[in-house]
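*Asks:* I am attaching a structure below and will ask some questions about it afterwards.
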Amino acid sequence: MSKLSALRPLVLALVALASLPAVAARDDSEVIFVNQSNWAIHELYFSPTDEADWGPDQLGRRTIETGGRFTLTGVECGTWDVRVVDEDGDVCIIRSVALCGDTDRWVIKDRDLLACQNTTEED
């Protein structure tokens, strides 16, 4: 048996291990937020539905201006609550959003934002 033949199983195992993160990353989701409302979005939070605390502001120092868009990548598979805060400090919470391995495009319009803000009760 040659040295190359003896190393073949090891090489195959290393190739398989190296591909694992790429396979896991395919399960991550991407969410594209398109702001068609008259208000800039100043804060955006995601939190697993079964947790009480909000995660970090996904926008950081950015805002989603009227007519603007923001793409959030690497969202792990799961069920999420989403908290949106506009320029006036009005809050909209969307509960139990299931994401796994897909690309969603969320268009934020005045009527949707106002309706959500009217029904949102913060914990």
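*Asks:* Pick out the one residue from V97, V107 that is of a type in the set (V, I, T), without any contact (Cβ under 8 Å) to a residue 24 or more places away in the chain and on the phi < 0 side of the Ramachandran plot.
*Replies:* That would be V97, the only listed residue that is of a type in the set (V, I, T), without any contact (Cβ under 8 Å) to a residue 24 or more places away in the chain and on the phi < 0 side of the Ramachandran plot.
*Asks:* Go through (1) surrounded by 14 or more Cβ atoms within 10 Å (Cβ to Cβ); (2) at pLDDT below 90 and name the single condition L17 misses.
*Replies:* (1)
*Asks:* May I ask you to verify whether T71 is touching an Asp or Glu at 6+ places or on another chain (Cβ under 7 Å) and polar (S, T, N, Q)?
*Replies:* yes
*Asks:* Any idea which residue in the stretch 50-100 is farthest from I32 (Cα to Cα), counting only those that are surrounded by 13 or more Cβ atoms within 10 Å (Cβ to Cβ) and among the hydroxyl-bearing types (S, T, Y)?
*Replies:* Residues of the stretch 50-100 surrounded by 13 or more Cβ atoms within 10 Å (Cβ to Cβ): 54-55, 57-59, 62-66, 68-70, 72, 75-87, 90-94, 97, 99.
Going one step further and asking which of them are among the hydroxyl-bearing types (S, T, Y), we end up with 63, 66, 79.
Values: T63: 14, T66: 14, T79: 17 Å.
By that ranking, first place goes to T79.
*Asks:* Name every residue in the stretch 31-58 that is within 22 Å of S96 (Cβ to Cβ) and part of a loop (DSSP other than H, G, I, E, B), in order of residue number.
*Replies:* Listed by number, the residues that qualify are T49, D50, E51, A52, D53, W54, G55, P56, D57, Q58.
*Asks:* Any residue in the stretch 32-56 that's within 21 Å of G78 (Cα to Cα): show its pairings with residues that are surrounded by fewer than 14 Cβ atoms within 10 Å (Cβ to Cβ) and of a type in the set (S, T, Y) at Cβ separation under 9 Å, as long as the two are six or more apart or on different chains.
*Replies:* I32/T71; I32/T103; F33/T71; P48/T79; T49/T79; T49/S96; D50/T79
The values are calculated or read from the model by the stated rules, or taken from the named source; none is laboratory data. Remember, it's a predicted structure, so these values are computed and weren't measured experimentally. Neighbour counts are summed over all protein chains in view; Cβ atoms, including those assigned to glycine, are modelled from backbone coordinates with ideal geometry.
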